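What follows is a set of notes on a single structure, which appears directly below.
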Amino acid sequence: MALKIVFLLLLFSFQSRLSLSDQTNSMESVPDLQKSMYMVVDGYPCVRLVNLSGEIGCSNPGRDKVVAPIVKYKDTKELGQPSAILLSMDDVQGFFSRVSNDSSFARNVGGVLVESGIEIQNKLKGFSPAQKFPQAEFAPYHNTSYEWNPIGNGDMWKSYNFPVFLLSESSTSTLQEVTMKNEKTEKAYTTNVAEFDLVMQTTKVGTHDSESCLKEETCLPLGGYSVWSAVPPINSSSSNQSKPIIITVASMDAASFFRDKSLGADSPISGVISLLAAVDALSRVDGLDDLNKQLVFLVFTGEAWGYLGSRRFLLELDQQSDAVRGLNSTLVELVMEIGSTGKGFSQGNKTFFAHTEVSSGANEALDALKLAQESLKSEGVTISTANSSNPGIPPSSLMAFLRKNSSTSGIVLEDFDSIFVNKFYHSHLDDSSNINSSAIVAAASLVARTLYILASNNKDLTSSAISTISVNASLVEELISCMLDCNPGLSCELVKSYISSTNTCPSHYVGVVLGEPSSTPYPSQVDDVSRFLWNFLADRTSIPKGNTSVCSHDCGKNGGMCIRAETDGKGVCVISTTRYVPAYSTRLKFDSGTWKVLPPNSTDPMGMLDPVWTESNWNTIGLRVYTVQDPAYDRLVLLGGVAVTVLSYFAIVLTRAYITKALKQD
């Protein structure tokens, strides 16, 4: 019997060593152990944004991480404890409406995980967390109750004291499985929890408005760099600059409930792609130096947040800063804005609408658009004047120009008439599947030909002459894949030929201003998209400098500039008028390394309305899932351990007493 016991002990010892050896081979370090315990989840956070009067967006409620069991919203009528809620896109609007109206329910929302999927757009009738009249306070007319965006629910403009993440597609399926396990093991002693690390510095320190958070340095101003370029290049050293200026405008920044998932395919990136394709088409036209008018192409950033880019540009123009050297505001004859163009396709026809304020310059632009339309009739392109019952122009950068000078002649080209046709305006669902490339090609053709007609000032232009201006459809397709998809994204050959991008997946959120604003910023201070646009526009609007193509120390002389320098460290020297313009609030000043809020100026009516948007700082943002034991089970194990210890003690005492007694008897 004793031999059997010894054999069993040796066998157990051998198996234990073998098991320990296997574990050692599979877990060779602490990170390996952490990987086996914790599952890091890919997602896109909703972050905290702050303005002069308060805050919007999401944050952990305090200084610590939030840990909560994961439950599915459809299966949860009431929450008995703080929970991490897995939410389908179908339920998002209803959920946030309930949070706003049911405080007892909201109190137990520990965090929110929003599912994503490939076919969600087809299932939803629409989803727009923006307002029904985006940025109505900046409108140059009084009817600000008009609903340009009828399906807008305004959810992204509210403040939530719990973390919210949009899950990636792979993480969505993983979390669905985890939630099902929780449901099946509801009465078991373990549960799967989500750990949210979304601690915002403004919440941590208690700086809940822009002025206080800038002072305490717990936030940074929203902003970046707009880009403008002239065709042909402007000789800024010459005092004889009398050509009327036609400015063509588009906006490059999008907004979304989720910071890093702001694609804005239709609104506004389709307009940017139309502008780039139009510039490319015009660059192949001979005789641009002989145009009677100066063409200027301008891509703003920060427009989704109080028209930061356009308002800052107009201020720089007033101050005649280096950023706008060569431009004269008194010579601006027309502002043509390319808005959303990606959905201007219906039943084989490409239809666009011209929104305008009545003026002689706008009427001339309408006539030119009609002439350009005639030259594109065979391609099914039509342009219509927007409904006269509209209160005025739709939300656009032109609003800033009109608020600055109400006599500005302007026109906005859109793919809608009276209400947005984009059902996913300012939503993460406004991606490349929401637009049609042929509509963008048609809009670019319309814009390029219209600008040539206006700049030529030649009444004898024929349709056949205009028809020689053609848009490269392949370029449009390439720009869509570069600017709106992760594959290839910003690692596409076109972008790689100009810059070394820091990210592959594009996001068109404006970001924050890093360092002191400058018209000649360091590349590290400028985001990938702005740097790409600067290089692309400089290339397409330029002429080679001399017989050499490699940049040298004297490249900057006589209007020269160095493009493609990031790709090989050498670059190409060309003559071009392409510049960065800082884009940030006109109520802010960078002084001695810190940002200061300036008092309101009565001479700047839009500045008086400026909310001064900033973004909270943070240390890390993370989301992970792991399994924990039920506290009641932990207490039971503790009680069991105590009981075993007590019983063992008594057993030892009794055994000792028995043995002592037996020995005395012997």
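The numbers here are math on the coordinates, done by the rules we state, and not lab data. Since the model is a prediction, treat every value here as computed from it, not as a measurement. Please note: Cβ atoms are built from the backbone with ideal geometry, for glycine as well, and neighbour counts cover all protein chains shown.
What number comes out for the charge environment of PRO488, summing +1 per Lys or Arg and -1 per Asp or Glu over other residues with Cβ under 13 Å away?
Surrounding charge for PRO488 is -3.
What nm distance separates the two modelled labels at GLU147 and SER389, each placed 7 Å from Cα along Cα→Cβ?
Modelled inter-label distance: 1.4 nm.
Just rank TYR160, TYR189, fewest to most, by other beta-carbon atoms within 10 angstrom.
In order of increasing Cβ crowding within 10 Å: TYR189, TYR160.
Calculated FRET efficiency, SER283 and GLU516, Cβ-Cβ r, R0 35 Å, to nearest 0.05?
The formula returns an efficiency of 0.55 here.
Select from ASN192, SER226, THR202 the residue farthest towards the positive end of the dipole of segment 185-236; place +1 on Cβ of Lys and Arg, -1 on Cβ of Asp and Glu, and compute about the Cα centre.
SER226
Rounded to the nearest 0.05, what FRET efficiency is calculated for SER418 and LYS370 with R0 set to 25 Å and r the Cβ-Cβ distance?
0.75
What is the Cα centroid distance between segment 589-646 and segment 409-483, reported in whole angstrom?
Comparing the Cα centres of segment 589-646 and segment 409-483, I get a distance of 42 Å.
Looking at the chain, what % of the alpha carbon pairs are farther apart than 33 Å?
54
Mean Kyte-Doolittle hydropathy of 0.0 or higher plus an axial Cα length of 15 Å or more: which whole DSSP H helices in the chain meet both?
2-26, 270-283, 437-456, 473-484, 631-665
Over the alpha-carbon set of segment 588-666, work out the extent along each principal axis and list the three values in angstrom, largest first.
Dimensions of segment 588-666 along the principal axes of its Cα atoms: 111, 29, 19 Å.
Using the Cα centre as the reference, give the magnitude of the dipole from point charges on the C-beta atoms of the chain (Lys, Arg: +1; Asp, Glu: -1; all else neutral), rounded to the nearest 20 debye.
1480
Using the count of nearby Cβ atoms within 10 Å as a rough guide to exposure, how do ARG531, ARG403 rank from fewest to most?
The fewest-first ordering by Cβ neighbours comes to ARG403, ARG531.
At q = 0.12 Å⁻¹, what log₁₀ I(q)/I(0) does a Debye calculation on the Cα points of segment 474-602 give, no solvent, two decimals?
Cα-only, vacuum Debye calculation for segment 474-602: -0.56.
Between SER170 and SER103, what FRET efficiency comes out of the Förster formula 1/(1 + (r/R0)^6) with R0 = 25 Å and r the beta carbon distance, rounded to 0.05?
That pair, SER103 with SER170, gives E of 0.10.
Note down, for segment 288-397, the three equivalent ellipsoid semi-axes (square root of 5 times each alpha carbon gyration tensor eigenvalue), biggest first, whole angstrom.
Those come to 28, 19, 14 Å.
Karplus couplings for segment 338-348 from phi (6.51 cos²θ - 1.76 cosθ + 1.60, θ = phi - 60°), rounded to Hz, Gly and Pro as x?
After applying 6.51 cos²θ - 1.76 cosθ + 1.60, I find 9, x, 7, 10, x, 10, x, 9, 8, 6, x Hz.
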